[in-house]
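The values are calculated or read from the model by the stated rules, or taken from the named source; none is laboratory data. For clarity, every value in this text was computed on a predicted model and none was experimentally measured. These area figures cover heavy atoms from the full protein model, side chains too; ligands, DNA and RNA do not enter into them. Shrake-Rupley method; radii C 1.70, N 1.55, O 1.52, S 1.80 Å.
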Amino acid sequence: MFIEQAYKGKNNWWRVVITTLLTAGVFIANFVTFFTMSKEQMDAVYKTMSEVPNNLSLLINLSPFILLLLLLFLLVRVLHERSVLSLTTSRKSIDYKRILFSFLLIVSLTIVMFIISYLVDHSNIIWNFNPLKFTILFAISLLLFPCQIGLEEYLFRGYLMQQIGIVVKNRWFPLLFTSIVFGLFHSANPEVEQMGYGVMVFYIGTGFLLGIMTLMDESLELALGFHLGNNLMAALVITSDISAIHTDALFKYSGVEKPVDMLNEMIVSIAIVYPIILYIFAKRYNWTNWKTKLTGKIQAPKLQTTN
């Protein structure tokens, strides 16, 4: 069982505190900064960020995740004395086919939905392709997005879900807690300021989707593939002035973004697309016992005794 993998290592409270603070520091700092800065200060920060060339800005934003992901792996290995494999899956080895399937599924869905949207109304969508800039964007994305989504998945759906689970002895609370915290840590994104806190429903809902994948499949592989595909498509296909990260994507939305319309699109994704994704995974991987896997109790493994 996935959460029970934490029992394979040392789980003293101070080890958990050190690992959490050191690896989640970037999220905590952003969260605190967002709620302590005035609107004028935040506007100045966003303005400064918008003046930095897109690819350089992406590189600056994603580079810290390399060190943070490696730090998380190191702390789990050295401080907790357990393997990264136990942080990834309850199986004997990582199933890379699961990662690939999940990745291709979200990429395919994103492309199909974009094509449909483009055919219905592309009056505000312009061709933004610049060969050199896009090539650099593509290289940065392939190299650094795996580290960014890797840290988020291994930290929230891996480390925190496991550590919280063995403390509270159930599955529903770590699913609820990590999904909400995952959403809240995105509150500093520019689109939150533009669309209001209603957009947090999308971030928290995405956290729930990834958490359900993890608990039902007893591993991070599907969440890793989905998260990577989603972020790559967000960076490469279309960008806008209120995107979390401005990129030199293939297309750009040139119209005036209507917060209500954008929020409605996000809610539709949660209400319609996300259940479809879970249904596809459930059929492909024969998921059963949903109630037990999502809300069941966690039990420490029994110590073996010898006569």
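Nearest 10 degrees, 0 to 90: what angle lies between the long axis of helix 131-152 and the longest principal axis of the chain (Cα atoms)?
Helix 131-152 sits roughly 30 degrees off the main axis of the chain.
With θ taken as phi - 60° and the coefficients 6.51, -1.76 and 1.60, list the Karplus ³J(HN,Hα) couplings across the range 16-32 in order, rounded to whole Hz; mark glycine and proline as x.
Rounded to whole hertz, the list is 5, 4, 4, 4, 5, 5, 6, 8, 9, x, 5, 6, 5, 4, 4, 5, 5.
Could you look at the chain and say what percent of its accessible area is carbon and sulfur, using a 1.4 Å probe and all protein chains?
Numbers: 10860 of 15980 Å².
It is 68 percent, rounded to a whole number.
Taking LYS283 as the anchor, which lysines have their alpha carbon closer than 24 Å to its alpha carbon, excluding any fewer than eight residues away along the same chain?
Correct list for LYS283: LYS92, LYS97, LYS291, LYS293.
Relative contact order, percent, of the chain when contacts are C-alpha pairs under 8 Å separated by at least 6 residues?
Contact order relative to length: 28 percent.
Quick one: grab Rg to one decimal and Dmax as a whole number for the chain, Cα atoms only, in Å.
Spelled out, the Cα radius of gyration and Dmax of the chain are 20.0, 78 Å.
Could you sort TYR154, TYR7 by accessible area so the largest value comes first, with the probe set to 1.4 Å?
So, going from the largest accessible area down, we get TYR7, TYR154.
Accessible area per residue, 1.4 Å probe, Å², for the chain: what's the number?
Result: 52 Å² of accessible area for each residue.
Considering only protein heavy atoms, with the full assembly of protein chains and a 1.4 angstrom probe, order VAL120, VAL76 by accessible area, largest first.
On the way: VAL120 120, VAL76 0 Å².
Accessible-area ranking of VAL120, VAL76, largest first: VAL120, VAL76.
Once fully extended, how much extra length lies between ALA44 and ILE66, figured as 0.36 nm per residue of separation less the alpha-carbon to alpha-carbon distance?
Numbers: separation 22, 0.36 × 22 = 7.92 nm, distance 2.75 nm.
Separation in residues times 0.36 nm, less the Cα-Cα distance, equals 5.2 nm.
May I ask you to rank PHE177, PHE281, PHE34 by accessible area, largest first, using a 1.4 Å probe over the protein chains only?
From most exposed to least exposed: PHE177, PHE34, PHE281.
Roughly how much of GLU265 is accessible, in Å² to the nearest 10, using a 1.4 Å probe?
Probe radius 1.4 Å; accessible area of GLU265 about 120 Å².
Taking only Cα atoms, what is the 0 to 90° angle, nearest 10, from helix 64-78's long axis to the longest principal axis of the chain?
Between the helix axis and the principal axis of the chain, the angle is about 0 degrees.
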